[in-house]
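To keep things clear, I will list the structure first and then write my remarks on it.
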Amino acid sequence: MSSEQPPLLHARRAVRQHARRLMRDPADVSAHFARLHASLELPGSEPVQGALADLFVSMGEGEASLKRAALQMARDRLAVHAVRWFEAQAGQGPLSRITPLATRWSVLAHPSADVSTRARRCSADDSRALAEQVMRAVEAADAQGQQAFLHHCVTCHDNLAFMLARRSMLRRGAPLPPDWEAVSQQLEQVRSSA
């Protein structure tokens with residue numbers, strides 16, 4: 001039995017249903033907008049950005065007003081830089097199928113290699129959730145939960161999750177444990193070598 005509330009479960013099903021419609025007919029405007037509406041009912045920005053990227057991949061210059069209307073619907077849920085990228089593309093031809101605007105929720109668009117390792121492996125929404133989760137593990141003195149988090153950060157190069165959790169720990173006045181310092185140095189080496 002799923003722990004999701006019925007509206008959230010309904011939204012996820014709707015997103016999947018409309019995605020299947022788009023796989024059959026990528027030019028189906030009503031499916032794009034229905035999927036975008038359903039994505040807006042889900043938490044975070046990744047489902048919305050993925051649906052919008054698919055819409056922009058499928059529509060060209062002639063549908064600029066539709067692309068702008070979709071962007072207006074999604075604007076408040078997107079990062080500022082993503083809004084600027086979509087705005088720059090609104091009056092253009094179809095967005096390339098391989099684009100940094102795609103997310104794991106995209107079905108027609110695919111993330112480009114220009115996307116960071118962290119973004120390919122987990123979204124900013126995931127990173128924020130993991131940072132909150134590890135702070136609960138810190139409060140509960142759950143060493144295993146903290147180690148799993150640190151392993152994730154190193155494996156996925158998830159600087160965002162680590163920095164959010166680190167900042168939260170430092171705000172509480174707690175010194176970073178030695179294993180956290182080691183991960184901080186590892187992530188710094190990855191950033192400087194990139």
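The values are calculated or read from the model by the stated rules, or taken from the named source; none is laboratory data. The structure presented is a predicted model; accordingly, all values stated were derived computationally and were not measured. A quick note on method: Cβ atoms are made from the backbone with ideal geometry, for glycine too, and the neighbour counts reach across all protein chains shown. Just the protein is used for accessible areas: all its heavy atoms, side chains included, with ligands, DNA and RNA removed. Shrake-Rupley method; radii C 1.70, N 1.55, O 1.52, S 1.80 Å.
So the values come out like this:
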| item | result |
| --- | --- |
| Matching entry among 23, 73 (being within 19 Å of the chain's Cα centre (by Cα), in a helix (DSSP H, G or I) and of a type outside the set (S, T, N, Q)) | 73 |
| Positions within the stretch 29-59 being within 18 Å of residue 90 (Cα to Cα) and not in a helix (DSSP H, G or I), in sequence order | 59 |
| Residue that is surrounded by the most Cβ atoms within 10 Å (Cβ to Cβ), among those in the stretch 164-187 that are free of Cβ contacts under 8 Å to residues at least 24 places away in the same chain and under 24 Å from residue 125 (Cβ atoms) | 166 |
| Pairs, first open to solvent by 70 Å² or more (accessible area, probe 1.4 Å) in the stretch 68-96, second among the small types (Gly, Ala, Ser) and at pLDDT 95 or above, C-beta under 7 Å, six or more apart | 94/58 |
| Selection count where residues are in contact with a Pro (Cβ under 9 Å, 6 or more places away or on another chain) and closer than 12 Å to residue 108 by Cα, scope the stretch 54-64 | 5 |
| Among the candidates 40, 55, residue that is crowded, with 17+ Cβ neighbours inside 10 Å, at pLDDT 95 or above and of a type in the set (A, V, I, L, M, F, W, C) | 55 |
| Residues (of a type in the set (Lys, Arg) and touching a Lys or Arg at 6+ places or on another chain (Cβ under 8 Å)) located in the stretch 140-194 | none |
